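The block underneath contains the structure these notes are about, expressed in structure tokens.
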Amino acid sequence: GSVMKTVSAAAVADSGLYALDERYTCSGIWSRDITRYDWFPPGHGTLDLAGALTNSCNPYFYEVGYVLGTNDPFLFTEYANRLGFGVPTGIGDIAEDAGLIGDPDWLRETYGGTWTYSENVNMSIGQGYVQVTPLQVARWFAALGNGGDLPTPYLVERAGLIGDDLRLVRAPEMTPTELDPAVIATIQAGICAVTTESYGTAEFVFRDSPLQALGVCGKTGTAQDLPRGTHAWFAGYAPRSVPEIAVVAMVENAGEGSAVAAPIVRDVMEAYFDLD
């Protein structure tokens, strides 16, 4: 779903295919291959990259997928892998699924199919040959919050017998994404406005929350799972200036990310920061 628009944004901007202020007029319809529609029929008007994230404009990112696919059909996959998708997180303590980020070689070897830019268009909004885990999304949003380093997840940091000093079991590890800091700052600007600007897709969820004093940055997502419905996603971190926590909620076949998943993340964060 649309949480992956942050990955598309990173790929198209960090690769130099888009300027950070690249503008595109979202009319609500995109039709380079088939006619595709935005979730907001009138469209969102002319947007830059940060504004496209805040509004979650599908046509903007359809165009991103088109640009990525026609320049290098492997580029989105390469960036997604670099940002922790389609690869194991390294948690080690429990079994995990690496997920799937498709590419032309995978499609040919798996299904004998021929890749077209339409696959990149689908993947640019987190549909098509994209399967990710909530843990992978949490790592990526933690990296967005801390400036670009992916934390390696673990379950236990220290252990010991009752009454004994605890010994270190797992030291924190970080993997640099090596994204241009200006790209990260642009993505941050887009997702931090999601909870504060009137046109942000989750503003109505956080409008009256005491979290506004801290700042919450996040992204909604509604992932199609036909014919069963949609998975509701919200991923975010807080506080905005010096993040302490990243939270991801994904509710299967439950509806819209803004209406279902975002309130869960709000409640978790309010509890974490001990806010009424």
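The values are calculated or read from the model by the stated rules, or taken from the named source; none is laboratory data. Keep in mind that this is a model prediction, so the values were computed, not measured. Here the Cβ positions follow ideal geometry from the backbone for every residue, glycine too, while neighbour counts run over all protein chains shown. Side chains are part of the model used for accessible areas, which takes the heavy atoms of the whole protein and leaves out ligands, DNA and RNA. Shrake-Rupley method; radii C 1.70, N 1.55, O 1.52, S 1.80 Å.
Rounded to two decimals, the Cα-based Rg/Rh of the range 77-122, with Kirkwood Rh, is 1.07.
Solvent exposure of E244, expressed as accessible area, is near 120 Å², computed with a probe of 1.4 Å over the protein chains only. Think of the range 1-116 as a dipole: +1 on every Lys or Arg Cβ, -1 on every Asp or Glu Cβ, centred on the Cα centre; then among V7, G65, N81, G65 lies furthest on the positive end.
Ranked by the mean number of other Cβ atoms within 10 Å of their residues, highest first, the peptides 39-45, 85-91, 232-238 fall in the order 232-238, 85-91, 39-45. Counting only alpha carbon atoms, the long axis of helix 181-192 and the longest principal axis of the chain meet at about 90°. Please say if the range 85-208 is rounded, prolate or oblate, where rounded means a/c under 1.5 for a ≥ b ≥ c the square roots of the C-alpha gyration tensor eigenvalues, and otherwise the choice is prolate for a/b larger than b/c and oblate otherwise? Oblate shape, in that a/c is at least 1.5 and b/c is the bigger or equal ratio. Taking the 1.4 Å solvent-accessible surface of the range 33-84 as the whole, the part contributed by carbon and sulfur is 55%. With a 1.4 Å probe rolled over the protein heavy atoms of all chains, the accessible area of R108, R266, R23 falls in the order R23, R108, R266, largest first.
Mind pulling up the Rg/Rh value for the range 1-111? Radius of gyration and Kirkwood radius, both on Cα. My calculation of the ratio gives 1.02. Model label sites at D274 and V87, defined 7 Å from Cα along the beta-carbon direction, differ in position by 3.9 nm.
Measuring nothing but alpha carbons in the range 126-168 and taking Rh as the Kirkwood radius, the Rg to Rh ratio lands at 1.24. Annotation: S31 carries an accessible surface of approximately 80 Å², with a 1.4 Å probe and no ligand, DNA or RNA atoms counted.
Quick one: check the C-alpha center-to-center distance for the range 224-248 versus the range 53-86, whole angstrom. With the range 224-248 and the range 53-86 each reduced to a Cα centre, they are spaced 19 Å. Between 0 and 90 degrees, the angle of helix 134-146 with respect to the longest Cα principal axis of the chain falls at about 80 degrees. Basic side chains Lys and Arg get +1 at the Cβ, acidic Asp and Glu get -1 at the Cβ, and with that the dipole of the chain about its Cα centre reaches some 360 debye. Can you give me the angle between helix 5-14 and the longest principal axis of the chain, using Cα atoms only, in degrees from 0 to 90, rounded to the nearest 10? Helix 5-14 sits roughly 80 degrees off the main axis of the chain.
Placing +1 on the Cβ of every Lys and Arg and -1 on the Cβ of every Asp and Glu, with no other charges, gives the range 1-50 a dipole of roughly 160 debye about its Cα centre. Seen from D165, the other residues with C-beta closer than 15 Å to its C-beta sum to a net charge of 0, counting Lys and Arg as +1 and Asp and Glu as -1. Radius of gyration (Cα atoms) of the range 60-151, expressed as a multiple of 2.2 N^0.38 Å: 1.13. Cα extents for the range 184-276 along the principal axes, largest to smallest and rounded to whole angstrom: 41, 30, 22. When +1 charges are put on Lys and Arg Cβ atoms and -1 charges on Asp and Glu Cβ atoms, the dipole computed for the range 50-149 relative to its Cα centre reaches about 220 debye. Taking all protein chains into account, the per residue accessible area for the chain stands at 46 Å² (1.4 Å probe). Just checking the listed ones, N71, N58, N120: in the Gaussian network model of the chain with Cα springs under 10 Å, the one fluctuating most is N71.
Shown here for the range 128-233: GluC sites (Glu not before Pro) in loop regions (DSSP other than H, G, I, E, B) with at most 10 other Cβ atoms within 10 Å, namely E178.
Each stretch of four or more DSSP H residues adds -39500 (n - 2.57); spread over every residue of the chain, this sum gives -10000 deg cm²/dmol at 222 nm. When the surface is traced with a 1.4 Å probe over the full set of protein chains, S56 keeps roughly 10 Å² accessible. What's the whole-number percent of alpha carbon pairs in the chain lying beyond 24 angstrom? Beyond 24 Å sits 48 percent of the P(r) for the chain.
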